[in-house]
Amino acid sequence: MSESATTFCWPVRVYYENTDAGGVVYHSEYLKFFERTRTEWLRHLGFEQVAMREQLGVLFVVRRADVHFLKPALFDDALQATASVIKLGRSVMEFAQELRRGDEVLVSAHITVVCVSAKEFKPVSLPAQLRNQIQEFA
């Protein structure tokens, strides 16, 4: 794992379960890679999702995903997934995400995530401690 001042990177290995019979990654698997990267980003900031639900009463849900498939990832590829917060609202975070093989961008995405109440699934403000950590990271 490495990060620049604003971009979090997470290593991803393509397993057989991620691919079709030809060894090409299924399109839906890229969203899983991006989700995993955002989860690890939160963990890096000191926030476990189970603890956030139980202690802070919040969850994150994806509102929108705009994905651009440029080149296929293949079985056994060692990749880097990135996540950068490009917009931080009251309850919304927008991420620019990429999946790379070396310097080659395979997939790019713009993902919008909303902080919601764990009980009511209605938008709520991001917890102050999380907002502060995000701003420090950026």
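Of the three principal axes defined by the Cα atoms of region 17-68, the extents in descending order read 44, 21, 16 Å. The modelled label-to-label distance between residue 117 and residue 103, using points 7 Å beyond Cα along the C-beta direction, is 5.1 nm. The angle between the Cα long axis of helix 128-137 and the main principal axis of the chain comes to about 40°, on a 0 to 90 degree scale. On the beta carbon distance between residue 86 and residue 129, with R0 = 25 Å, the FRET formula returns roughly 0.75.
Rounded to the nearest 10 degrees, the inclination of helix 27-45 to the longest alpha-carbon principal axis of the chain is 40 degrees.
The distance linking region 85-138 with region 30-47 is 10 Å (Cα centroid to Cα centroid, whole angstrom). Magnitude of the charge dipole for the chain, about its Cα centre and with charges confined to Cβ atoms of Lys, Arg (+1) and Asp, Glu (-1), is about 560 debye. Rounded to two decimals, the Cα radius of gyration of region 78-138 over 2.2 N^0.38 Å is 1.34. Considering only 82, 132, 97, and ranking their Cα positions along the charge dipole of the chain that arises from unit charges at the beta-carbon of Lys, Arg, Asp and Glu, the one farthest toward the positive end is 132.
Computed over the Cα atoms of region 2-121, the ratio of the radius of gyration to the Kirkwood radius (Rg/Rh) comes to 0.99.
Efficiency by 1/(1 + (r/R0)^6): what FRET value for residue 50 and residue 76, r their Cβ-Cβ distance, R0 = 41 Å, to the nearest 0.05? Calculated value: 0.85.
Every number in this text was worked out from the coordinates using simple rules, so none of it is lab data. This structure is a prediction, so every number in the text was calculated from the model and none was measured. With ideal geometry, Cβ positions are generated from the backbone for all residues, glycine too; neighbour counts draw on all protein chains shown.
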